[in-house]
Amino acid sequence: MRITKSTSDLPALRRGKTIEVTIDGRKVQAFEGELVSTVLLAEGISIFGRKHTTGRPSGIYCGMGVCYECLVTINGTTNIRACQTFAVDRMVIETAGQVKP
Amino acid sequence: MDEVELVVVGAGPAGIESALIASQAGVEVILIDTSPKPGGQYFKQLPEPFKSDDRSDHQDKAQRLFQRLGSSSIRVFNDTLVWGIFEGTKPGSWCLALYGPGAPQRVNSRAIVLATGAFDCSIPFPGWDLPGVITAGAALTMVKNQRVLPGKRVVLSGTGPLLFASAALLVQAGAEVVGVCESSANLLRRGLPYLPAVWGQWGRMREGMGYIKTLASHRVPYRFGWAVTSAGGGNRVSEATMAKLDRNGIPIPQSQVTRAVDSVVVGYSLVPATELCRLLDCDLVFEPGRGGFIPRRDEEMETSCSGIYAVGDCAGIGGAEMALIEGRIAGTSAAVRLGHLTKRSAYEVTSRERIALRREQRFAKLLGDLFSPPAGLFTLAETDTMICRCEQVTLRQIREAISYGAQTVGDVKNLVRTGMGNCQGRTCGSMVAQILAAESGRTLEDVRYFNIRPPLHPLPLEVVEEHQKEVHTP
């Protein structure tokens, strides 16, 4: 869920211009400046991938590029950290959340 | 190959400050950082397309630092990873292998300042690897820099000011915070002896008071001596159980409360990012109050490796103010080493800094002593709890490794692959050490830490291949 209100510690902010990305075949709106992980969270998607050995779900954890839990496929390239990659117009994002192990 | 006098790795407060001081003295400096913009975690900037009219003191301070950086002659490479440091072409020099757009593949340097910061310390509990469980650092970035909520109903568990700040910001952003579990108890009584260290830290106290106001006005239950002991849900978090901790940090079963939540934020202080120190085989010392193993340094911030300095949180958790001071000392020392300053003029600069440093060290000791996760918390994991998430290694497998005779975390890695995955043991390193120490009756100092090999992060294979080709070409 995107935060819309502003407070003393969260001064008013204007996001970048509207872009369109594809998540698992579905077109959604996002904003320039948003990370792929942000777009996914805003769409209510918390399962980004599945562990290769056990099939257990994984999602964003450290949010700073350390843990590699948020790996997704972007424009066909696998294993990209969603928390370190900015969304751009017409980006194609694939999660493994829907795939059964 | 690019030749430079000094490379600074990490553009947080410590790195920027050391680069600036050295550059002002006439040193030729390259500053390298993995983020798109300098600032590190403390002065993390909004992404370029986001516009905000932030007039806080914090932002003001950040802007002044960036202005100084912008008007300096320092070459800055953002979005760039230092994936290895090797012996340089000339004796006594170092060769840094880089990966990033616009950055040279290699830089040869006579001295290096490591200012790589820190990351959240993880403590495993049943369900901690479910999507929906995030670190306090992640929560802060989401709310402050990305303006997205990790969840609607959130519980927080951890220790220290970072947890506090995350809770207040989540509340302000509109999340329903159903509880905050601070694992330290009796803070007031235990904090009294430290009052002299707080003297003069007014900026910090004002910030803290603001957060207290937010939490109080929203009637957020803040429990001292409590922790989240498990998270439940099928494919993602749907509930969390909290419990009161006994004196050793072991949860008291009768006190358990379970709440429906869609997000759990955990923040058990920080771990220094010592990968490059370990790669270079710098001597490390064990200081639990400063985050565990940290590089041994002299008064000039130089490590046991000649020409390698370490400053800021990567050399022991101490916060941004300490990082700035250490940065100034290291930048000055590097300038002396490289022949741009005399020892005498350097002394004039650093003698003042050292007084300020002692004050910060007292404050860091206060935070370290008051807000360290109790050892009992490391017993929360159950036999099938994942410890190494990358390689999916459970507590049971780690116990097997111990029963085979593993004596160090390196032994555990060799036997069951903990720390061999994508994160290279950053996440599980401290946990494996705690488990091994507790179960084998050895000290944390004895069980050591994971060794580090290049590349420091996963890289496209052609990058490493290219490097090998060039290195081996006469």
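The numbers here are math on the coordinates, done by the rules we state, and not lab data. Predicted model, so just to flag it, every value in this text is computed and none were measured. Virtual Cβ from ideal backbone geometry, glycine too; neighbours counted across all protein chains shown.
Just how many % of Cα pairs in the stretch B:122-268 lie over 25 Å apart, if you round to the nearest whole percent?
So the portion of pairs separated by more than 25 Å is 26 percent.
Quick one: helix B:319-337 against the long Cα principal axis of chain B, what's the angle to the nearest 10°, folded into 0 to 90?
20 degrees
If you look at just the Cα atoms of the protein assembly as shown, how large are its Rg and its Dmax in Å?
In order Rg, Dmax, the Cα atoms of the protein assembly as shown give 22.9, 70 Å.
Please report, in debye to the nearest 20, how large the charge dipole of the protein assembly as shown is about its Cα centre when each Lys and Arg carries +1 at its beta carbon and each Asp and Glu carries -1 there.
That gives the protein assembly as shown a dipole magnitude of about 1380 debye.
Mind checking Rg over Rh on the stretch B:1-49, alpha carbons, Kirkwood formula for Rh? Walk me through the numbers before you get to the answer.
Working: Rg = 11.8 Å, Rh = 11.4 Å.
That ratio equals 1.03.
Quote the charge dipole size of the stretch B:381-447 about the Cα centre in Debye, to the nearest 20; the model charges only the Cβ of Lys and Arg (+1) and of Asp and Glu (-1).
Value, rounded to 20: 180 debye.
Using packing as a proxy for protection, rank B:409-419, B:280-290, B:372-382 so that the peptide with the highest average count of other Cβ atoms within 10 Å comes first.
B:409-419, B:372-382, B:280-290
State, as an integer percentage, the relative contact order of chain B based on alpha-carbon contacts under 8 Å between residues 6 or more apart.
Once divided by the residue count of chain B, the mean separation gives 17 percent.
Which lysines, on any chain, are close to B:Lys61 with Cα under 21 Å apart, when same-chain ones fewer than 8 places away are left out?
B:Lys37, B:Lys44, B:Lys51, B:Lys144
So for B:Leu187, B:Leu130, fewest C-beta neighbours within 10 Å to most, what's the order? Don't skip to the end; give the middle numbers.
Details: B:Leu187 14, B:Leu130 24.
With the sparsest Cβ surroundings first, the list reads B:Leu187, B:Leu130.
Sort A:Tyr61, B:Tyr404, B:Tyr222 so the one with the fewest other Cβ atoms within 10 Å of its own Cβ comes first.
B:Tyr404, B:Tyr222, A:Tyr61
Rounded to the nearest 500 deg cm²/dmol, what is the calculated helix-only ellipticity per residue at 222 nm for chain B, with -39500 (n - 2.57) per DSSP H run of length n ≥ 4?
-10500 deg cm²/dmol
Considering only B:Ala315, B:Ala356, B:Leu31, whose Cα is most displaced toward the positive end of the charge dipole of the protein assembly as shown, charges sitting on Cβ of Lys, Arg (+1) and Asp, Glu (-1)?
Towards the positive end, the residue furthest out is B:Ala356.
Set the Förster distance to 56 Å, then compute FRET efficiency between A:Thr7 and B:Ser440 from the Cβ-Cβ distance, nearest 0.05. Mind showing how you got there, number by number?
Values: r = 49 Å, r/R0 = 0.87.
Computed FRET efficiency for A:Thr7 and B:Ser440 comes out at 0.70.
With the calculation restricted to Cα positions, what are the radius of gyration and Dmax of chain B in angstrom?
Over chain B's Cα set, Rg and Dmax evaluate to 22.4, 70 Å.
Per-residue mean of other chain beta-carbon atoms within 10 angstrom of the beta-carbon, peptide B:43-53?
Counting Cβ atoms of other protein chains within 10 Å of each residue's Cβ and averaging gives 5.
Please quote Rg/Rh for the stretch B:299-357 to two decimal places, taking the Kirkwood radius as Rh and restricting both calculations to Cα atoms.
Working: Rg = 11.1 Å, Rh = 11.6 Å.
Looking at the stretch B:299-357, the ratio lands at 0.96.
Only counting other Cβ atoms within 10 Å, I'd like B:His467, B:His58 sorted with the fewest neighbours first.
B:His58, B:His467
If the rule is a partner Cβ under 4.7 Å, which cysteines in chain B fail it?
So far as the 4.7 Å Cβ criterion goes, B:Cys95, B:Cys121, B:Cys181, B:Cys305, B:Cys314, B:Cys390, B:Cys423 stand without a partner in chain B.
Based on Cα positions only, what radius of gyration and what Dmax would you give for the stretch A:18-94, in angstroms?
11.6, 38
Can you divide the C-alpha Rg of the stretch B:405-470 by 2.2 N^0.38 Å and report the result to two decimal places? Don't skip to the end; give the middle numbers.
On the way: Rg = 14.6 Å, N = 66, 2.2 N^0.38 = 10.8 Å.
Compared with the compact-globule rule of thumb, the stretch B:405-470 sits at 1.35.
Can you list the residues, at least 5 places off or on another chain, whose amide H is less than 5 Å from the amide H of B:Gly88, using H built in the peptide plane?
B:Ser93, B:Trp94, B:Cys95
For chain A, what is the mean residue ellipticity at 222 nm derived from helices alone (per DSSP H run of n ≥ 4: -39500 (n - 2.57); sum divided by total residues; nearest 500 deg cm²/dmol)?
Value at 222 nm, helices only: -1500 deg cm²/dmol.
Quick one, can you get me the convex hull of the C-alpha atoms of the stretch B:266-417 expressed as volume per residue in Å³?
Looking at the stretch B:266-417, the number lands at 125 Å³ per residue.
For A:29-37, what's the mean count of beta carbons from other chains sitting within 10 Å of each residue's beta carbon?
4
Which value, in debye to the nearest 20, describes the size of the charge dipole of chain B about its Cα centre when Lys and Arg Cβ atoms bear +1, Asp and Glu Cβ atoms bear -1, and nothing else is charged?
1340 debye
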